[in-house]
Amino acid sequence: MINIGSLSLPEPMIWAAPMAGISDKACRIINKEFGCVLVFTEMVNDKGLLYGQQRTLALLNLEGEEGPAAVQIFGREPEQLGQAALIAENSGAALIDINCGCPTPKIVKNGAGAALMREPRRCREIFRTVVRAVKIPVTVKMRSGWDEESSDRCVEIAGLAEQEGAAAVIIHPRTREQFFSGKADWGKVKAVKQRISIPVIGNGDIDSGETARFRLETSGCDGIMIGRAYLGNPFIFREINGFLQNKEKTAPVTWAERLETAAKHLNLACLFKGEEVAVKEMRKHISWYCKGIPGAAKKRAEINKAQTRAQMLECLHSAFA
Ligand SMILES: Cc1cc2nc3c(=O)[nH]c(=O)nc-3n(C[C@H](O)[C@H](O)[C@H](O)COP(=O)(O)O)c2cc1C
């Protein structure tokens, strides 16, 4: 077991990344089912919580989810972030994560997300205020820096997080300038690990048991976080777990299991969001589940036209036939 503050998590520690528009309740339940030990909400706007906006509050709904779920918050005002963290704690969050990594223009132009990598002093203030506001553990998810010149900034900011009482840090070692281009620079994860004593979670480009083991061994990090590789592929958590524990590849997922899981994901989404919203939102997920199927492009076009759960299920069955 590894302790993230007061939260004990089993090893190997594989977390599912927060992803806006993706890591909703249905997605979190499915990822948990395949062995992910900690799931995250989509990023949640601090002001939206403070003003009681329904859409924002809905992101905090963790009802009926088994085991720990983390809530990720974003903003730039320490006091507001502290109050938002308290609201999330009261909604059942097991952990609060502070977003210092989002590269989206809309977010950074307001000085939040990855923009905070340019403001170490503000970061310290935010970490201190949020840690004091809640009883549950607080983590910080960050990029390596803002641009090439400041690409070592994560070492400094991770040090501040430790000093202010954060329970762990998550490093996605690309700069804001890189967005998702190039390769994640895992040397930065190693540099952070060598500098601080709280657990370090590495994140970026892990898509198999082999890459997971390689990154854990070469960076010395305590756990890994998976993002894009779980899209339409929650089986990645079982695959990595199996590989890390037995050093052997598990049998590839069958088409039947893929179909069954995609249908379950769709049904859960309909249950939680209502059919009309869920079917629209699930188009991308269903297309990802269909990746690799012969004639996938044509199937995707059909999936994008589906209006009801029944039509979507029909598309799925025909794609997997
Ligand atoms: C569509 C999308 C949405 C994302 N949303 C968030 C988010 O809400 N909060 C966050 O910290 N990171 C977010 N990320 C970044 C991921 O959490 C992760 O750090 C990044 O994808 C690198 O990991 P990967 O190579 O395993 O995908 C998002 C990434 C994508 C592609």
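The values are calculated or read from the model by the stated rules, or taken from the named source; none is laboratory data. Note that this is a predicted model, so its numbers are computed, not measured. Here the Cβ is made from the backbone with ideal geometry for all residues, glycine too, and neighbour counts use every protein chain on show.
Numbers for the structure displayed
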| item | result |
| --- | --- |
| Pairs with Cβ under 6 Å, 6+ apart, first in the range 80-105 and under 20 Å from residue 4 (Cβ atoms), second of a type in the set (Phe, Trp, Tyr) and within 16 Å of the ligand (Cβ to nearest atom) | 99/74 |
| Subset tally (residues that are over 11 Å from residue 236 (Cα atoms) and touching a Pro at 6+ places or on another chain (Cβ under 7 Å)) for the range 12-32 | 1 |
| Some residue of the range 159-177 being away from the ligand (no atom under 16 Å from the Cβ), at pLDDT 95 or above, within 20 Å of residue 102 (Cβ to Cβ) and over 18 Å from the mean Cα position of the chain (by Cα) | yes |
| From the options 128, 153, residue that is modelled with pLDDT of 95 or more, surrounded by fewer than 20 Cβ atoms within 10 Å (Cβ to Cβ), over 20 Å from the mean Cα position of the chain (by Cα) and not β-branched (Val, Ile, Thr) | 128 |
| Selection from the range 181-192 of residues that are of a type in the set (D, E, K, R) and more than 20 Å from the chain's Cα centre (by Cα) | 190 |
| In the range 266-301, the residues that are in contact with a Cys (Cβ under 9 Å, 6 or more places away or on another chain), surrounded by 16 or more Cβ atoms within 10 Å (Cβ to Cβ) and either not in a helix (DSSP H, G or I) or not β-branched (Val, Ile, Thr) (or both) | 268, 269, 278, 282, 285, 290, 299, 300 |
| Which listed residue is over 30 Å from residue 253 (Cβ atoms) and within 16 Å of the chain's Cα centre (by Cα), from 27, 100, 36 | 100 |
| Contacts under 6 angstrom Cβ, first residue in the range 8-32 being assigned to a loop (DSSP other than H, G, I, E, B), partner within 15 Å of the ligand (Cβ to nearest atom) and aliphatic (A, V, I, L, M), 6 or more apart | 17/225; 18/43; 20/43 |
| Residue check, residue 64 more than 16 Å from the chain's Cα centre (by Cα) and part of a loop (DSSP other than H, G, I, E, B) | yes |
| Total residues in the range 190-224, condition free of Cβ contacts under 8 Å to residues at least 12 places away in the same chain and crowded, with 19+ Cβ neighbours inside 10 Å | 0 |
| Among (1) farther than 27 Å from residue 260 by Cα; (2) touching a strand residue (DSSP E or B) at 6+ places or on another chain (Cβ under 8 Å); (3) touching a residue at least 60 places away in the same chain (Cβ under 8 Å), the one test that residue 1 misses | (3) |
| Selection from the range 38-47 of residues that are surrounded by fewer than 20 Cβ atoms within 10 Å (Cβ to Cβ) and either away from the ligand (no atom under 12 Å from the Cβ) or within 21 Å of residue 79 (Cβ to Cβ) (or both) | 47 |
| Any chance residue 227 is within 10 Å of the ligand (Cβ to nearest atom) and either among the small types (Gly, Ala, Ser) or surrounded by fewer than 22 Cβ atoms within 10 Å (Cβ to Cβ) (or both) | yes |
| Subset of the range 78-136 [more than 23 Å from residue 156 (Cβ to Cβ), away from the ligand (no atom under 16 Å from the Cβ) and in a loop (DSSP other than H, G, I, E, B)] | 91, 92, 94, 109, 134, 135, 136 |
| Selected residue (criterion: farthest from residue 151 (Cα to Cα)) from residues of the range 114-123 that are in contact with a strand residue (DSSP E or B) (Cβ under 9 Å, 6 or more places away or on another chain) and without any contact (Cβ under 8 Å) to a residue 60 or more places away in the chain | 123 |
| Conditions (1) hydroxyl-bearing (Ser, Thr, Tyr); (2) assigned to a loop (DSSP other than H, G, I, E, B); (3) in contact with a Lys or Arg (Cβ under 9 Å, 6 or more places away or on another chain): number failed by residue 144 | (2) |
| Top-ranked residue of the range 48-77 - restricted to ones that are crowded, with 17+ Cβ neighbours inside 10 Å and among the small types (Gly, Ala, Ser), ranked as nearest to the ligand (Cβ to nearest atom) | 70 |
